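Let me begin by presenting the structure, written as structure tokens, before commenting on it.
All of the numbers you see were taken from the coordinates with simple rules; none came from a lab. Computed from a prediction, not measured in an experiment: that's the story for all the values here. Cβ: placed from backbone, ideal geometry, glycine included. Neighbour counts: every protein chain shown.
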Amino acid sequence: MVLVATRNPLNIGAAARAMSNFGFARLRIVNPYEVAFREARSAVGASALLANAEEYKNVAEAVADCTLVVGTTAVRHRELQHPLRRLEYGARLIRKHLGSSRVALLFGSEKFGLSNEDLSHCHWLMRIPTCEENISMNLGQAVAVCLYEVVRDAKFAAQPEKPKTATAGEVERITRILLDAMRASGYLNRRRISDVEDRIRRLVRRLNLPARDAEVWLGILRQIVWKMRSEKKPEG
């Protein structure tokens with residue numbers, strides 16, 4: 001569970017208590033409002049979980065060891081660049097991954113939700129089907145509903161083992177080196193795009209690279225960047 005820029009100690013405490021209720025123990029906090037985080041540590045029934053919560057400066061670091069990153073959104077009027085799945089279907093996909101790899105489920109701040117940059121780290125998004133008159137849920141309640149859906153039908157048939165997927169950290173390294181290659185080749189000079197990093201990050205994640213291929217791509221891209229830069233150096 002990853003909470004991004006949360007500000008209300010009651011919401012942080014409620015989210016941690018829901019995690020404890022449904023058997024989830026790893027809480028990660030990204031840029032929390034420090035006063036709220038300190039106050040939340042005394043949450044009833046979840047103090048130990050909060051005491052062990054891990055703090056990160058950004059989403060990239062918080063999800064680096066995860067092979068599936070799922071964002072949550074109420075949608076509103078924003079234009080989404082990711083597949084959007086209903087809660088019940090998304091929960092089934094999460095359960096399948098939990099058996100063999102680590103999954104990050106992201107929730108944004110109470111006021112603004114997840115930013116476009118936060119969402120660019122996600123493979124896909126999930127929403128709770130609320131009514132149109134009041135689509136936004138309290139953060140603590142939304143966490144509880146999502147986690148309940150994940151565990152409520154946990155006895156699913158065993159799936160054949162699939163190749164391990166590259167972690168978010170590996171995919172981010174590929175994204176960074178690909179951007180370096182695009183800059184070194186002059187590709188980005190052909191057309192100025194304000195959100196090019198977010199677009200490339202989403203593109204790389206759509207590839208769903210197996211872990212065994214990640215190092216190969218890193219090596220290929222590093223060699224390309226090195227070759228282009230060495231050819232541009234003046235002789236002598």
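General observations
- Cα gyration tensor shape for region 46-146, rounded if a/c is under 1.5, else prolate or oblate: rounded
- Packing, as the average of other Cβ atoms within 10 Å across residues, places the peptides 89-98, 142-151 in the order 142-151, 89-98, highest first.
- Annotated for the chain: lysine pairs at least 8 residues apart or interchain, Cα distance under 24 Å, count 5.
- Label-point gap, in nm, between residue 203 and residue 180 - each point 7 angstrom along Cα→Cβ: 1.8 nm
- Estimated distance in nm for a label pair at residue 138 and residue 100, the labels positioned 7 Å out from Cα along Cα-to-Cβ: 3.9 nm
- Across region 2-151, the relative contact order, built from alpha-carbon pairs under 8 Å that are at least six residues apart, equals 32 percent.
- Bins of 10 Å, starting at 0 and running to the largest distance - Cα pair percent for region 168-232: 20, 51, 27, 2
- Label-to-label distance, residue 26 versus residue 212, with points set 7 angstrom from Cα along the beta-carbon direction: 2.4 nm.
- Cα-only Debye scattering, the chain: base-10 log of I(q)/I(0) at q = 0.07, 0.08, 0.12, 0.13 Å⁻¹: -0.27, -0.35, -0.73, -0.83
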